[in-house]
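Please treat every number below as a calculation from the coordinates, not as lab data. A quick note: this is a predicted structure, and the numbers were derived from the prediction, not measured. Cβ sites come from the backbone with ideal geometry, for glycine too, and all protein chains shown count toward neighbours.
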Amino acid sequence: MQYRIFLIEDDPVIARTVRDYLTRLGYTAAVGENFADLAPEFSAFAPQLVLLDLSLPYHSGYHWCRVFREMSQVPIVFLSSAGDSLNIVTAMELGADDYIAKPFDLEVLGAKVQAILRRTYAYARPADLLDCGGGVVLDLSAGALRTPAGAVELTKNELRILQTLLSRRGRTVPREDLMTALWATDCFVDENTLTVNVARLRKKLEAAGLPGLIHTRKGEGYLIP
């Protein structure tokens, strides 16, 4: 899995150096551009880790840490020349996962990034991420498809349908089983509602680059091969 890292750094030399280094390590790295409002870029890129400078135009890194924490539990690592204990404690209290003082060694940064990603995704919540293929991952905790082009939000019904099909990949899932899975969400679902939900889910999968992922078995149910 190629992890996405969102770098927020207003020094163009540092931003370019770090981005290029992360790319060489095999990550997909993007640099924030609109410091007045970084939230849309964050949502569109759907990163799995954020590297966040403390001193930024318009709003401090503390501000964006608060904003991102309201939107996601993605790991956040501060990069700052202000390496005193007060700033470090403040960052941690706001929900940061680590704090790296500038100037820093790129290899040390790379090692910390690798450790945080491994701890967060490889060990902590593997069941929350289901591989759909084609670089697309179903993030159960976020209720979204994570794609190379960004996140695709799913309704609760669409999420439950896709989760059920992926958990039984290679086998036909009867319509009755899907309706039972949806019933568990406390939402009443009839035959027509299920058909509509599957159709909408297929459109979102097609937009995510996975056309034809869900197969229909007439008179039986649905299948993800």
Modelling each spin label as a point 7 Å along the Cα-to-Cβ direction, I'd like the Y21/Q114 distance in nm, to one decimal.
1.3
So the angle from the long Cα axis of helix 61-71 to the longest Cα principal axis of the chain, reported in degrees to the nearest 10, equals 10
Among F78, F6, which comes first, then next, by fewest other beta-carbon atoms within 10 Å?
F6, F78
Sorting V74, V31, L86 by the position of each Cα along the dipole of the range 4-124 (Lys, Arg +1; Asp, Glu -1; all at Cβ), the one nearest the positive end of that ordering is V74
Net charge of neighbours whose Cβ lies under 10 Å from the Cβ of D97, counting Lys and Arg as +1 and Asp and Glu as -1:
+1
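What shape does the range 4-124 take by its C-alpha gyration tensor, where a ≥ b ≥ c are the square roots of the eigenvalues and a/c under 1.5 counts as rounded, a/b above b/c as prolate, and the rest as oblate? Could you put the intermediate results ahead of the total?
On the way: a/c = 1.12, a/b = 1.11, b/c = 1.01.
Since a/c stays below 1.5, the shape of the range 4-124 is classed as rounded.
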What is the packing order of peptides 9-22, 36-49, taking the mean over residues of other C-beta atoms within 10 Å and listing the highest first?
36-49, 9-22
Enclosed volume per residue, in Å³, of the convex hull spanned by Cα atoms of the range 129-223
86
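With charges set only on the Cβ (+1 for Lys and Arg, -1 for Asp and Glu), what does the dipole of the chain come to about its Cα centre, in debye to the nearest 20?
Details: 24 positive and 27 negative charges, 195 e Å.
For the chain, the charge dipole is close to 940 debye.
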Give me the one-decimal Kirkwood hydrodynamic radius in Å for the chain, with the sum taken over alpha-carbon pairs.
19.2
